[in-house]
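The values are calculated or read from the model by the stated rules, or taken from the named source; none is laboratory data. The structure presented is a predicted model; accordingly, all values stated were derived computationally and were not measured. Heads up, the Cβs are rebuilt from the backbone with ideal geometry, glycines too, and the neighbour counts pull from every protein chain shown. Each accessible area value is taken on the protein alone, full model and side chains, heavy atoms only, with ligands, DNA and RNA left out. Shrake-Rupley method; radii C 1.70, N 1.55, O 1.52, S 1.80 Å.
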Amino acid sequence: MDIIKLSDVSFSYDGKHNALNHLDLTVGQGERVAVLGPNGAGKSTLFQLFNGLLLPQGGRVVVDSLPVVRENFIELRRRVGMVFQDSDDQLFNATVYREVAYGLVNMKIAGEELDNTVRWALNIVGMESYIHRNPFNLSGGEKKRIALASVIAMKPKVLVLDEPFNALDPRSASHLVHMLNDINKTLGITLIFTLHDMDIVPLLADKVYLMDKGEVVLGGNLSEFFNQK
Ligand code: ADP
Ligand code: ADP
């Protein structure tokens, strides 16, 4: 089953040049998908269509059977979790506990359920012992894990990660690869991510899409992709 389907999708910021140009793309439920391509290819524009941060100007985007339209914003945001490139943009609470609890509190979750869910999410990223720490004082790798925990706590169906390995040292990057594979396998969460480090692609992706100038120029299963290249 496809959890994400884009059909003939176009998007332009300025009405002249297409950031996305008649794009077709599908992602299967539970797949791990790498989106590659040079700067300006349209990757982050694409990602912002998944949860309605941007709306398609032409064509159709469907996520988990919901069309990406304004009326579905709240539901889409619940189903699609986003981990941004810079964790500092995503962390704004005084303790790790409050950081991970933030989205849940907004969903009116409280008491024991809140506590248990926060601990559950922190446990997945191996950060339970950091629960009372201030997220601003953590290392880059640790911040990334807290940002990931706050998204996982919302139990999304799709996890979107923009350059999650940027600025991580090799040891943190390798931890993150293991964590993401675990999250995919045990929770069944679909993963969609961009990255530059080609060595990581075979460790984390089932499927690869290569974008350029707002179009998918190459795509397929991992083995097909590396044979085409
Ligand atoms: P990528 O994530 O692959 O680097 P983007 O989706 O950011 O690509 O950009 C696709 C195209 O849209 C580029 O030509 C870029 O300059 C343009 N673009 C991206 N964001 C904006 C914006 N906020 N305003 C105007 N143009 C933008
Ligand atoms: P870890 O200890 O999890 O392996 P590192 O301390 O090696 O992570 O940091 C990974 C990256 O994050 C480095 O590029 C580093 O410059 C950056 N970084 C580390 N600590 C901070 C911080 N407090 N604020 C912003 N960036 C940081």
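General remarks:
- Using C-alpha pairs under 8 Å with a sequence gap of at least 6, the mean separation divided by the residue count of segment 105-229 gives a relative contact order of 18 percent.
- Cleavage-rule hits (trypsin sites (Lys or Arg not before Pro)) in segment 1-70: DSSP loop, at most 13 neighbouring Cβ within 10 angstrom: LYS16
- Choice from ARG119, ARG171, ARG145 with maximal GNM fluctuation in the chain (Cα, 10 Å cutoff): ARG171
- Cα pair distances in the chain, grouped into 10 Å bins until the bin that holds the longest one, percent each: 8, 33, 36, 19, 4, 0
- The chain - percent relative contact order, Cα under 8 Å, separation 6 or more: 27 percent
- Here's the picture: charge each Lys and Arg Cβ at +1 and each Asp and Glu Cβ at -1 in the chain, and of PHE11, ILE183, TYR102 the one pushed furthest to the positive end of that dipole is TYR102.
- Compared with the direct C-alpha span, the chain from SER129 to ASN227 gains 30.9 nm at full extension, assuming 0.36 nm per residue.
- A 1.4 Å probe run over the chain, with the rest of the protein chains in place, finds 48 Å² accessible per residue.
- Mean-square fluctuations from a GNM of the chain, with a 10 angstrom spring cutoff on Cα atoms, peak among ALA101, ALA167, ALA153 at ALA167.
- For GLY219, the residues 5 or more places off, or on other chains, whose built amide H falls under 5 Å of its own are LEU210.
- Here the accessible area is traced with a 1.4 Å probe on the protein chains. For segment 69-173, carbon and sulfur cover 49 percent of it.
- The relative contact order of segment 21-75, computed from alpha carbon pairs under 8 Å that lie at least 6 residues apart in sequence, is 24 percent.
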